Amino acid sequence: HSARPSSARLPFRSRTVFAAAHVVADPRADTTPDGPAAVDWDATLAFRHHLWAHGLGVAEAMDTAQRGAGLDWSAAAELIRRTAAEAAAVGGLLACGVGTDQLPPHPASLADIRRAYEEQLGLVEAAGGRPVLMASRRLADAATGPDDYRELYGHLLRQAARPVILHWLGPMFDPALAGYWGSTELDAATETFLAIITDHPAKVDGVKVSLLDAAREVALRRRLPPTVRCYTGDDFHYPELIAGDGHGASDALLGIFDPLAAPAAAALGLLDSGDTAGFRAALDPTVALARHLFRAPTRHYKTGIVLLAWLAGHQSHFTMLGGLQSARSLPHLRRAHQLADGLGLFPDPELAAHRMRQLLAVYGTEFAVYGTETEDV
């Protein structure tokens, strides 16, 4: 790995932007899909420095890092502590996921859930990260209606030492989160979500919305208090949402910015200079890759993200926590390589092509690296 930079690039002026970062598994660890997680710490932290060097913030220990899908709480806590120390050393922007995943799998009481959130909030605050209150599978299971959400989130916000980011992760990213905020009807859920924010506006830095519905995000954005940011988590419509409209714009906290750090940084530089058209011209061509990586079942987008990190030379192997490198088909991975190569994402395209041929050989296929087929994206 190259030497780590001594300082992060200054963040962008026009938007606050986080890339949700993946973790690099340790391929030498003798582990099983059930864990515990074995992380290659050097490669994982080097990738965070890559993001900071481009001026992006790091969103740590969230679903892109396989939180709840291979990354257990003890490994997540270690990841938060290590990344926070690196962020402090270089002045990198950092937000960290706060959840309830240390709870055992059986049903939990609301009091148990509150204590679990408090434990993780305390750890993130002590480390110096900006907390992201992530949606909790346990809360989705235990809550009986909107009032349970308002009471529990209100309690957490009142005790938070600094403003937090509230995260609304849609069921396409995690089916266990269906009905979050107390209703499967999104209009009703939105009202509860907004009520929690307006109850405690000084304690909410922003909201991250991952519903893959641009119109709904814009409608929500226009109703937020002026001090509360809307961090788009929409990996299908991010260029238009970040560019904004006459009424406002979204900041960003995106998994797709993990592989897109360089083009995203270049586009955001144009936005900083007031060139919105240039920003769109630079970022719009990346959407086809994003839509491919995040196609249903969306929760398996991490497999394509890690593939691209391997092809780009950020890690030496294509293995994932929990064996999730097998979660996408070979045609899907080939198309991801094709689209990314077309965008010029690989510092060394020959290395990427060589590694893709290695992967195809392991699968025992005779496919060429570059097919002529036009697969749907």
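The values are calculated or read from the model by the stated rules, or taken from the named source; none is laboratory data. Just so it is clear, the structure is predicted and the values come from calculations on it, not from any experiment. Neighbour counts are summed over all protein chains in view; Cβ atoms, including those assigned to glycine, are modelled from backbone coordinates with ideal geometry. For accessibility, only protein heavy atoms count, side chains too; no ligands or nucleic acids. Shrake-Rupley method; radii C 1.70, N 1.55, O 1.52, S 1.80 Å.
Of note:
- Among (1) over 28 Å from Leu359 (Cβ atoms); (2) open to solvent by 10 Å² or more (accessible area, probe 1.4 Å); (3) part of a helix (DSSP H, G or I), the one test that Gly274 misses: (3)
- From the options Pro171, Pro105, residue that is modelled with pLDDT under 95, touching a helix residue (DSSP H, G or I) at 6+ places or on another chain (Cβ under 7 Å) and surrounded by fewer than 20 Cβ atoms within 10 Å (Cβ to Cβ): Pro171
- Of all residues in the stretch 314-330 being closer than 17 Å to Gly35 by Cα, assigned to a helix (DSSP H, G or I) and in contact with a helix residue (DSSP H, G or I) (Cβ under 9 Å, 6 or more places away or on another chain), the one that is least open to solvent (accessible area, probe 1.4 Å): Leu321
- Failed item, numbered, when Asp34 is tested on (1) closer than 28 Å to Leu156 by Cβ; (2) among the charged types (D, E, K, R); (3) not in a helix (DSSP H, G or I): (1)
- Some residue of the stretch 244-257 being without any contact (Cβ under 8 Å) to a residue 60 or more places away in the chain, out of contact with any Pro (no Cβ under 6 Å at 6 or more places or on another chain) and in a helix (DSSP H, G or I): no
- Within the stretch 290-313, tally of residues that are assigned to a helix (DSSP H, G or I) and open to solvent by 30 Å² or more (accessible area, probe 1.4 Å): 3
- Qualifying residues in the stretch 109-133 (those that are among the hydrophobic types (A, V, I, L, M, F, W, C) and open to solvent by 20 Å² or more (accessible area, probe 1.4 Å)) - the one nearest to Ala76 (Cα to Cα): Leu123
- Annotation: Asp251 fulfils all but one of (1) open to solvent by less than 10 Å² (accessible area, probe 1.4 Å); (2) farther than 27 Å from Trp41 by Cβ; the unmet one is (1).
- Top-ranked residue of the stretch 227-237 - restricted to ones that are touching a strand residue (DSSP E or B) at 6+ places or on another chain (Cβ under 9 Å), part of a loop (DSSP other than H, G, I, E, B) and not small (Gly, Ala, Ser), ranked as surrounded by the fewest Cβ atoms within 10 Å (Cβ to Cβ): Thr227
- Residue count for the stretch 11-44, restricted to those that are over 24 Å from Ser273 (Cβ atoms) and open to solvent by 10 Å² or more (accessible area, probe 1.4 Å): 17
- Number of positions in the stretch 141-182 that are in contact (Cβ under 8 Å) with a residue 40 or more places away in the chain, under 23 Å from Ile80 (Cβ atoms) and of a type in the set (A, V, I, L, M): 9
- Residues that are assigned to a strand (DSSP E or B) and open to solvent by less than 10 Å² (accessible area, probe 1.4 Å), drawn from the stretch 54-77: Gly57, Val58, Ala59, Glu60, Leu71
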